[in-house]
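What follows is calculated from the coordinates using simple rules that are stated; it is not laboratory data. Everything numeric here is computed off the predicted structure, so don't read it as measured data. In this analysis, Cβ positions are derived from the backbone assuming ideal geometry, glycine residues included, and neighbour counts consider all displayed protein chains.
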Amino acid sequence: MTASSPPPFRPVALAGGLTLREARPADREQIGALLAERGEPVDALDHRLVVTDPDAGWPSCAVVVDGDRVVSTATLLDEELRIGGVRLPAGQVELVATDRGYEGRGLVRALMRWAHDRSAARGHVVQIMIGIPYFYRLFGYEYAIDIPPAMTVHTPPPGGEASALRAARPADVPAMTALQEAAQQRFDVALPHSAACWRWLLAHEASSTWVVERAGAVVATGRTTPPGDEVVLAEGAALDEAAARELLRGVTALAPGGRVRAVHRAGTVTAAAWREFLTCEPREQAEQYYVRIPDAAALLDRLRPLLWQRLTAAGAERPGRDIVISTFGAHHRIPVRADGLGEVVTGGAMQGPGAVGGAGVAPDHLPALLFGPRGIEGLSRIRPDVYTGEKELFQVLFPPLTADVLSYYLPY
């Protein structure tokens with residue numbers, strides 16, 4: 001995606017003589033060592049791929065230093081989140097680490113503030129990420145989008161001895177992108193891989209990217225976790241069911257003991273092709289992506305074409321009225337006109353939006369409302385602080401949504 005260039009970042013003095021500043025090439029070894037020590041050894045390679053890439057570069061990373069010593073770091077990636085036909089510039093925070101001796105001093109909080117300020121300067125209207133449970137809720141993130149389940153492969157698809165599966169190469173990126181775009185078309189919400197991300201995925205070691213080739217053409221693709229007790233096959237996309245089965249067969253043949261779990265992307269070619277080979281097991285625990293909405297009015301304004309489309313499709317336009325959405329500490333009015341929705345107008349606290357036919361949505365439920373699988377009707381059944389005054393209108397505006405996220409790190 002294309003994002004605006006933020007102004008140069010000025011170093012910030014922190015307590016205890018520490019300084020938060022933009023990372024520099026001279027910091028690379030220290031950052032890599034810190035990431036490897038607090039995370040995984042491969043994180044150092046991933047950091048190098050990002051900061052040396054022309055689409056990201058060193059301005060995408062910040063550090064906290066004690067003199068010349070790097071003691072904490074974080075990186076912001078550019079993403080694009082699609083919802084319906086609306087494309088939303090988005091940010092994703094990754095590669096976060098703090099030296100053990102400097103924990104508990106608010107360094108991650110300072111780095112997240114840097115990341116969110118930079119994200120806003122880049123024109124992002126939303127942030128999305130995978131993160132350790134609860135922690136990132138401290139910084140305004142809320143769970144919103146379900147992570148799809150990975151199901152056990154009980155029987156590999158039949159086939160010949162030789163497999164058409166091979167490791168992906170840079171020349172395969174256009175074909176892989178096309179396959180993923182086709183798979184994501186059936187989802188209401190989608191986060192694709194950026195061009196830069198494809199480059200990083202082919203070079204990093206935290207996952208492997210594969211393709212199936214037929215008559216010289218790429219007809220299926222997927223990513224796998226490193227070999228261990230089992231292998232997880234994710235992001236499976238295929239031209240047809242035969243190619244999807246060949247992808248699953250090839251990965252199963254490579255996995256230790258043939259132990260594979262395959263991620264289910266509902267409604268896609270791979271989901272249909274793999275159905276008979278997978279064991280559907282009940283989920284033991286909820287797994288979701290974090291979403292942060294920094295400015296509800298700005299996001300609602302970007303979503304006006306989609307909301308208008310939903311209204312007109314249901315024949316529920318009724319020009320002359322306002323759509324009122326209250327997050328209780330503030331409220332947002334969207335005028336309904338004959339030719340579309342007017343600009344969002346934000347006002348003060350509104351504790352009883354139902355009295356004016358509006359909807360009340362606690363701010364921490366707004367990500368789930370706008371991007372999640374429950375819609376306003378489902379949320380109102382489990383959250384007392386989500387409710388509507390005009391039920392039919394808001395069910396049209398905020399229906400349950402399906403979602404498919406291609407993230408840099410696999411959440412399995």
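Can you give the relative contact order of the chain as a percent, counting alpha carbon pairs under 8 Å and 6+ residues apart?
With pairs under 8 Å counted, the relative contact order is 15 percent.
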Practice problem: Run the numbers on region 166-274 and let me know its relative contact order in percent, using alpha-carbon pairs under 8 Å that are six or more apart. | Solution: 23 percent
Quiz item: Computed FRET efficiency, Cβ-Cβ of A171 and E241, R0 22 Å: what is it to the nearest 0.05?
Solution: 0.30
Practice problem: Return, ordered by residue number, the residues of region 188-226 whose backbone nitrogen is under 17 Å from a label point located 7 Å along Cα→Cβ of A178. | Solution: 211-222
Exercise. Enter the Cα centre distance for the pair region 15-78 and region 183-205, rounded to the nearest angstrom.
Key: 23 Å
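About the Cα centre of region 295-397, how large is the charge dipole given +1 on each Lys and Arg Cβ and -1 on each Asp and Glu Cβ? Please answer in debye to the nearest 20. Let's see the in-between values first.
On the way: 11 positive and 11 negative charges, 35 e Å.
Charge dipole, region 295-397, about its Cα centre: 160 debye, nearest 20.
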Quiz item: Binned at 10 Å from 0, what are the whole-percent values of the Cα-Cα distance distribution for the chain, short to long?
Solution: 4, 20, 28, 25, 17, 6, 0
Exercise. List every residue whose amide H lies under 5 Å from the amide H of R69, counting only residues 5 or more places away in sequence or on a different chain, with H placed 1.01 Å from N in the peptide plane.
Key: none
Practice problem: Count neighbours as other Cβ atoms within 10 Å of each site's Cβ, and list the GluC sites (Glu not before Pro) in region 186-294 that are DSSP loop with at most 13 such neighbours. | Solution: E205, E284
Quiz item: Using r as the Cβ-Cβ distance of A121 and E343, and R0 as 30 Å, what FRET efficiency do you calculate, to the nearest 0.05?
Solution: 0.85
Exercise. Would you be so kind as to identify which of V71, G352, I145 lies farthest towards the positive end of the dipole of the chain, taking Lys and Arg as +1 and Asp and Glu as -1 on Cβ and the Cα centre as origin?
Key: G352
Quiz item: Under the classification rounded if a/c is under 1.5, otherwise prolate if a/b is larger than b/c and oblate if not, where does region 123-275 fall, given a ≥ b ≥ c as square roots of the Cα gyration tensor eigenvalues?
Solution: prolate
Quiz item: How far, in nm, would the chain grow between A217 and D68 when pulled straight, counting 0.36 nm per residue and subtracting the alpha carbon separation?
Solution: 48.6 nm
Quiz item: Which whole-Hz ³J(HN,Hα) couplings does region 94-102 yield from phi under the Karplus relation 6.51 cos²θ - 1.76 cosθ + 1.60, θ = phi - 60°, glycine and proline marked x?
Solution: 9, 6, 9, 7, 9, 4, 4, x, 10
